[in-house]
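Colleague: Got a structure for you, questions after.
The values are calculated or read from the model by the stated rules, or taken from the named source; none is laboratory data. Note that this is a predicted model, so its numbers are computed, not measured. Please note: Cβ atoms are built from the backbone with ideal geometry, for glycine as well, and neighbour counts cover all protein chains shown. Accessible surface is based on the protein model in full, side chains and every heavy atom, while ligands, DNA and RNA are left aside. Shrake-Rupley method; radii C 1.70, N 1.55, O 1.52, S 1.80 Å.
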Amino acid sequence: MNNIARIIFFDILKSKITFVYFIVLALVSWISFLLEESLSKGLLTVTYIVLFSVPLMALLYSTIYIYNSKEFITLLLSQPIKRGKLWSSLYAGVSTSLCMAFLLGAGIPILIYSFNGTGFLIIAMGVGITLISASIAFLIAVMTDDKSVGIGLSILCWLFFTLLYDAIMMFLLFQFSDYPIDILTVLLLMLNPVDLARLQIMMQLDVSAMLGYSGAVFTHFLGSTFSTILSFIFLIAWIVIPYRISLKIFGKKDIA
Amino acid sequence: MITIKNIHKYYRKLHALKGIDLTFEAGDRCIALIGPNACGKTTLIKCILNLVTPTKGEVMISGRNANHDPRTRELIGFMPQSANFPKNLSVENTFRLIRSVRPEINDTDDELYHSFHLDRISTKTMGTLSGGTVQKVSAALAFMFHPQIVILDEPFAGLDPLASGILKEKILKEKEKGKLILITSHVISELDHLASHVIFMEEGRILFYKSVGLLLEDTGEHTITGAIMKILTQTEYE
């Protein structure tokens, strides 16, 4: 990490909000492992909590951080520093500290209880979702100058991907259940990173009942190895594409 | 040193700069940029710093395009109009941060840092400082890397008379070293003994760019303030 990213990283680690995030994740993970009678149930609970809370925190925190760093950004841009370098340092600083809080909070109990492929997969998905959410948050923050609009958009984004998307998908599936819509289902699933991450973990846990209709179609359609590779590619695309677009906009943005 | 070629800037529909052409030569010049509020002074300065991308036209600094080459800002020290710093950063760490951006420069100009007594408040965070003290930090940062070009946007706003005096001394000293100094101010009287040239802007256009001697001769006044007042009243009657 370069100098600027390091400063941002420590600045965020010192803040109270990341500490609270870490504490909440740790508490919830430990409690769900201790209270559920079987390990797989515990893992399932943790998965649901992780896939619900991590995107919210990463989206909101990153968006707010960018708006609050306006002064910092202006100060550094009047120095001989490339805009791309500043933006990537910001991204590195924000996402690394969020990942760190996740790894320490949820990662440790997961690895203690399940030191195997499943445990590592859940952690990888948590990190992946953090990176994706930060990337989307950067895009939102660079596109809207108004802080309250930006924060509203990132909350909407979270609602959409964690709750609304599934509801809309279900509705569509029921409406068009008479038609062969397998490919459409797979495509729709690909377009939601949270669903993709959940599917990955469910396939690993081998709880086919929890896969749901779309998940069943997905594995049936593509076979588990190929679908794993494909969903990893899509998850990486979800990190890279919003970030690249935000970088491009930031390169030409007027700093008021 | 700085060549500005036919710059236009639109903020959505607002036409902020309407075709600016300027050339600043290096050395022993202190150029005062004067004009009413919202005439485009700050936008012009931001175009030079590439904080704002011109809609049309280009800014060349020492043969490099400011829009594409961040190295052009190696030559510039900038003091913004209302400086905002990260609030949690201490004074000391703010200086350290800016130094860390340019580790290749060991010999920094700490004159203002000492004459403003910033060493006494080095552990305070930027958020707790008064507006005037923030301006002092900002001024000290602008001169830190011995820049060839110093751009000061309303440098005296919020500074007490003593600090203003120190800053003026510093500006004169740097000017004599052959630096190019670009300064904007609403209070024209502050520029009387500093400026060697005057640019007058109005509604995104340059009305004139003259040396102070020529300006005084043309208007028959003794101070820049008087000359500008005369021109303003004349244009009002026309």
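Colleague: Could you pull out the residue among B:96, B:120 that is modelled with pLDDT of 90 or more, over 17 Å from residue B:80 (Cβ atoms), open to solvent by 70 Å² or more (accessible area, probe 1.4 Å) and in a helix (DSSP H, G or I)?
Modeller: B:120
Colleague: Hey, can you tell me all the residues within region B:48-69 that are outside any strand (DSSP E or B), touching a residue at least 12 places away in the same chain (Cβ under 8 Å) and open to solvent by less than 40 Å² (accessible area, probe 1.4 Å)?
Modeller: Passing the criteria: B:48, B:49, B:50, B:52, B:53, B:54, B:66.
Colleague: Going through region A:107-129 one residue at a time, which ones are aliphatic (A, V, I, L, M) and more than 16 Å from the chain's Cα centre (by Cα)?
Modeller: A:108, A:110, A:111, A:112
Colleague: Do we find a residue being assigned to a helix (DSSP H, G or I), of a type in the set (Lys, Arg), within 14 Å of another protein chain (Cβ to nearest Cβ) and out of contact with any strand residue (DSSP E or B) (no Cβ under 6 Å at 6 or more places or on another chain) anywhere in region A:33-47?
Modeller: Within region A:33-47, the subset assigned to a helix (DSSP H, G or I) is A:33-35, A:39-47.
Now restrict to residues that are of a type in the set (Lys, Arg): A:41.
With within 14 Å of another protein chain (Cβ to nearest Cβ) added as a condition, the list becomes none.
No: region A:33-47 contains no residue that is assigned to a helix (DSSP H, G or I), of a type in the set (Lys, Arg), within 14 Å of another protein chain (Cβ to nearest Cβ) and out of contact with any strand residue (DSSP E or B) (no Cβ under 6 Å at 6 or more places or on another chain).
Colleague: Turning to a different aspect of this structure: What is the number of the single condition among (1) open to solvent by 50 Å² or more (accessible area, probe 1.4 Å); (2) within 14 Å of chain B (Cβ to nearest Cβ); (3) of a type outside the set (Gly, Ala, Ser); (4) under 21 Å from the mean Cα position of the chain (by Cα) that residue A:27 does not meet?
Modeller: (2)
Colleague: Against the condition free of Cβ contacts under 8 Å to residues at least 40 places away in the same chain and either among the aromatic types (Phe, Trp, Tyr) or surrounded by 13 or more Cβ atoms within 10 Å (Cβ to Cβ) (or both), how does residue A:32 come out, does it pass? Talk me through it step by step, then tell me what you get.
Modeller: Details: free of Cβ contacts under 8 Å to residues at least 40 places away in the same chain: yes; either among the aromatic types (Phe, Trp, Tyr) or surrounded by 13 or more Cβ atoms within 10 Å (Cβ to Cβ) (or both): yes.
When the stated conditions are applied, residue A:32 passes them.
Colleague: Which residues, taken from region B:114-172, are of a type in the set (A, V, I, L, M) and out of contact with any Leu (no Cβ under 9 Å at 6 or more places or on another chain)?
Modeller: Within region B:114-172, B:129, B:134, B:157, B:162, B:163 qualify.
Colleague: Determine whether residue A:52 is closer than 25 Å to residue A:238 by Cβ, at pLDDT 90 or above and either within 14 Å of chain B (Cβ to nearest Cβ) or open to solvent by 20 Å² or more (accessible area, probe 1.4 Å) (or both).
Modeller: Yes: the conditions hold for residue A:52.
Colleague: Follow-up. Could you pull out the residue among B:169, B:236, B:174, B:154 that is open to solvent by 50 Å² or more (accessible area, probe 1.4 Å) and modelled with pLDDT of 85 or more?
Modeller: Being open to solvent by 50 Å² or more (accessible area, probe 1.4 Å) and modelled with pLDDT of 85 or more holds for just one of B:169, B:236, B:174, B:154, which is B:169.
Colleague: Among the numbered conditions (1) touching a residue at least 24 places away in the same chain (Cβ under 8 Å); (2) in a loop (DSSP other than H, G, I, E, B); (3) in contact with a strand residue (DSSP E or B) (Cβ under 7 Å, 6 or more places away or on another chain); (4) surrounded by fewer than 20 Cβ atoms within 10 Å (Cβ to Cβ), tell me where residue B:19 comes up short.
Modeller: Here residue B:19 clears every test but (2).
Colleague: Considering only region B:75-91, state which residues are farther than 18 Å from residue A:10 by Cβ and surrounded by 18 or more Cβ atoms within 10 Å (Cβ to Cβ). Full working, then the answer.
Modeller: Applying the first criterion (farther than 18 Å from residue A:10 by Cβ) to region B:75-91 yields B:75-84.
Listed by number, the residues that qualify are B:75, B:76, B:77, B:78, B:79, B:80, B:83.
Colleague: Can I ask one more? I'd like to check something: does region B:91-109 contain any residue that is among the aliphatic types (A, V, I, L, M) and more than 14 Å from every other protein chain (Cβ to nearest Cβ)?
Modeller: No: zero hits.
Colleague: Follow-up. Out of region A:2-18, which residues are open to solvent by 60 Å² or more (accessible area, probe 1.4 Å), within 11 Å of another protein chain (Cβ to nearest Cβ) and under 22 Å from residue A:54 (Cα atoms)?
Modeller: The answer is A:10, A:14.
Colleague: Would you confirm, using the coordinates I've provided, whether residue A:62 is under 23 Å from residue A:248 (Cβ atoms), modelled with pLDDT of 95 or more and open to solvent by less than 10 Å² (accessible area, probe 1.4 Å)?
Modeller: Answer is yes for this residue.
Colleague: State whether one or more residues within region A:209-230 are buried (at least 20 other Cβ atoms within 10 Å of the Cβ), at pLDDT 90 or above and closer than 20 Å to residue A:47 by Cα.
Modeller: No, region A:209-230 contains no residue that is buried (at least 20 other Cβ atoms within 10 Å of the Cβ), at pLDDT 90 or above and closer than 20 Å to residue A:47 by Cα.
Yes/no per residue for (1) more than 10 Å from chain A (Cβ to nearest Cβ); (2) more than 16 Å from the chain's Cα centre (by Cα); (3) not polar (S, T, N, Q):
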| site | (1), (2), (3) |
| --- | --- |
| B:44 | yes, no, yes |
| B:51 | no, no, yes |
| B:58 | yes, yes, yes |
| B:75 | no, no, yes |
| B:112 | yes, yes, yes |
| B:117 | yes, yes, yes |
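Colleague: Can you find, within region B:28-42, the residue that is nearest to residue B:171 (Cα to Cα) among those that are away from chain A (no Cβ under 14 Å) and open to solvent by less than 20 Å² (accessible area, probe 1.4 Å)?
Modeller: Checked region B:28-42; the qualifying residue nearest to residue B:171 (Cα to Cα) is B:30.
Colleague: Of all residues in region A:55-88, count the ones that are within 11 Å of another protein chain (Cβ to nearest Cβ) and part of a helix (DSSP H, G or I). Step through it out loud before you land on a result.
Modeller: Narrowing region A:55-88 to residues within 11 Å of another protein chain (Cβ to nearest Cβ): A:68-86.
Now restrict to residues that are part of a helix (DSSP H, G or I): A:68, A:70-77, A:83-86.
Residues meeting the conditions: 13.
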